[in-house]
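Report on the following structure.
The values are calculated or read from the model by the stated rules, or taken from the named source; none is laboratory data. Computed from a predicted model, the values in this text were never measured in an experiment. For neighbour counting, all protein chains shown are included, and Cβ atoms are generated from backbone atoms with ideal geometry for every residue, glycine included. SASA here: full protein model, heavy atoms, side chains in, ligands and nucleic acids out. Shrake-Rupley method; radii C 1.70, N 1.55, O 1.52, S 1.80 Å.
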Amino acid sequence: MKQSTLIMKFGGTSVGSIEAIRQVIGIASSAVKEWREVVIVSSAFAGVTSALLASAVDAARGVDTTLNETWQMLIRRHREAVDQLVQDSQRRSAAWLEINALIEEFVNLGHAILVLGEATPRALDAVAALGERLAVRVLAAALTDAGIPAAAVDATQLIITNDHYQAAVPDMSLSVLQTRQMLGPLFAGQILPVVTGFIGATADGVTTTLGRGGSDYSAALLGVALEAGEVWIWTDVDGVMTADPRLARDARTITSLSYREVAELAYFGAKVLHPKTIRPVIEADIQLRVLNTFNPSHPGTCLTADHEALPGEGIIKAVTAIRGVQLVTLEGRGMLGVPGVAARIFSTVANTGATVPLITEASSEQSITFAVPMEYTRQVLKVLEHEMRQEIMDRNIDRVWATEEVVIVTAVCPGMRQRLGVAGKMFGAMAEAQVNVLAIAHGSSEVSISIVVSVADMEATVAALHHLTQPLNGDD
Ligand code: ADP
Ligand code: ASP
Ligand code: MG
């Protein structure tokens, strides 16, 4: 028996069906035998968070059909899960009562939004949080019914955040205190806490969320709060792979990956791990693994401290792609003569709320090019034209413009600094695949290179770079 705490987070697909929840119960029953304390963190059932948010957004526009459909879907899926997974009739009725109360909360919130014609970020968080709040109740009842005494816990009681709704920032010291205080009695009573991922609350008790995909981050935070030995992220693929298996069918599991590498992957779109998950676990020296709920005997991926490239590794360790961005360029002969111009550009863009995933180096000295999420492009162009109106009048800036939608394909290359010619090999591969490279950029932590290509070239680019993840034959 391990004398420490294990945090296990199950993603949406891992609790998305009756069969999946049965797998979770099996995994939990082994874990409670092996670890002194176990905490389960659960996402909402697959697809639920998106449906909840779509209902709220549509309600704000005066459309109530999504609300009604989601209402029916929530009842059907959660009731069915309780019916199939909870045999004890008293326990089943108790679970139904709790689920009905939460679904009623959804209907009330939905109607309030419909009447007001507005969904504030605060209201959206209250709605989105319901997915996890429902899931943990089903899971706790099912685990208890299977002989593993468990209790549903809303992380609103554990994770205390600021009021930056939809991307709230946790206050670690308050959260550590709360978590220990709330979960301690459960551990003492041999009860397995099943905690909602994704959500928290302000010090005043108003529900917040940590951002989409944030349940991984919740698991990391609880790991730190409880000084856990390990945090295991259970998902629907065999760990972190050389590419999204949905994009590259020959993607392979990466057995071990450094924190920096996985941070780069997560930042550049590998949805398998939320980007904020990594930092708290490295800082607390906690072992992090990514495992497959549907193939639990597979060793998955183990995250490690930084290491140098191993002999026999490919030049590139993994490839990711982010869609839904556009390149914005400011160009003009006099531009770089204007003092502080870059600083002004980026602070103006930051004021729109747009994150800039990439700034290119490929641009000529007479222009600056960077990527922004598509939904921000119009606003970014507008504010830049306004901010730079004097330079535009003086003809120091000739043009501010945006491309069509493009894709950022990122190659994570651990040994980039030691191995000469990584970029050369990448561009050779691009040329062979007849891909037109629109821009390039180095990752901030020097373990990645990003290439911007058109949407039409995405698959060819991923395939060409993914080929370079194959182990080398000693010719490097
Ligand atoms: P969960 O609901 O378990 O949090 P997510 O959908 O958030 O699952 O993340 C898992 C998905 O991430 C996989 O199904 C896969 O399609 C996608 N993915 C993207 N890039 C990678 C990668 N490099 N390795 C593994 N999975 C990836
Ligand atoms: N349920 C949330 C989402 O879909 C959080 C998560 O799954 O990590 O974004
Ligand atoms: Mg996820």
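Couple of notes before you dig in:
- Interchain or long-range residues, amide H under 5 Å from Gln326's placed H: Val372, Met374, Val406
- Reciprocal of mean inverse Cα separation for region 112-175 (Kirkwood radius, Å): 13.8 Å
- Per-peptide average of other Cβ atoms within 10 Å, ordering 244-256, 279-291, 214-226 highest first: 214-226, 279-291, 244-256
- Translational diffusion coefficient (Stokes-Einstein; Kirkwood radius from C-alpha pairs) of region 318-469 at 37 °C, 0.692 mPa s, in µm²/s: 202 µm²/s
- For region 318-469, the share of accessible area belonging to carbon and sulfur comes to 51 percent (1.4 Å probe, ligands and nucleic acids excluded).
- Estimated translational D of region 143-221 in µm²/s (Stokes, Kirkwood radius over Cα pairs; 4 °C; 1.567 mPa s): 101 µm²/s
- Cα gyration tensor category, rounded, prolate or oblate, for region 175-214 with a/c compared to 1.5: oblate
- Tensor-based shape of region 156-297 (alpha-carbon gyration tensor, a/c under 1.5 rounded, otherwise prolate or oblate): prolate
- Scattering from region 1-148 was approximated by placing one identical point on each alpha carbon and applying the Debye formula without solvent; log10 I(q)/I(0) at 0.15, 0.18 1/Å stands at -0.76, -0.98.
- What the phi angles of region 255-264 give under the Karplus curve with 6.51, -1.76 and 1.60, with θ = phi - 60°, is a coupling list of 5, 9, 9, 7, 4, 5, 5, 6, 5, 5 Hz, glycine and proline written as x.
- Looking at region 340-401, the GluC sites (Glu not before Pro) that sit in a DSSP loop and have at most 12 other Cβ atoms within 10 Å of their own Cβ are Glu361, Glu365.
- Scalar couplings 3J(HN,Hα) for region 351-356, obtained by applying the Karplus form with A = 6.51, B = -1.76, C = 1.60 to θ = phi - 60°, are 5, 7, x, 6, 8, 10 Hz; x denotes Gly and Pro.
- Of all DSSP beta bridges confined to the chain, the antiparallel ones make up roughly 55%.
- Trypsin sites (Lys or Arg not before Pro) within region 46-137: DSSP coil, no more than 15 neighbouring Cβ in 10 Å: Arg61
- In the chain, a dipole from Cβ-located charges (positive for Lys and Arg, negative for Asp and Glu) runs towards its positive end, and of Ala441, Phe268, Ala305 it is Ala305 whose Cα lies farthest in that direction.
- An ellipsoid equivalent to the chain, defined through the eigenvalues of its Cα gyration tensor, has semi-axes of 41, 29, 20 Å when rounded to whole angstrom and sorted largest first.
- Relative contact order (percent, whole number), the chain, Cα cutoff 8 Å, 6+ residue spacing: 13 percent
- With contacts taken as Cα pairs under 8 Å and at least 6 residues apart, region 318-469 reaches a relative contact order of 31 percent.
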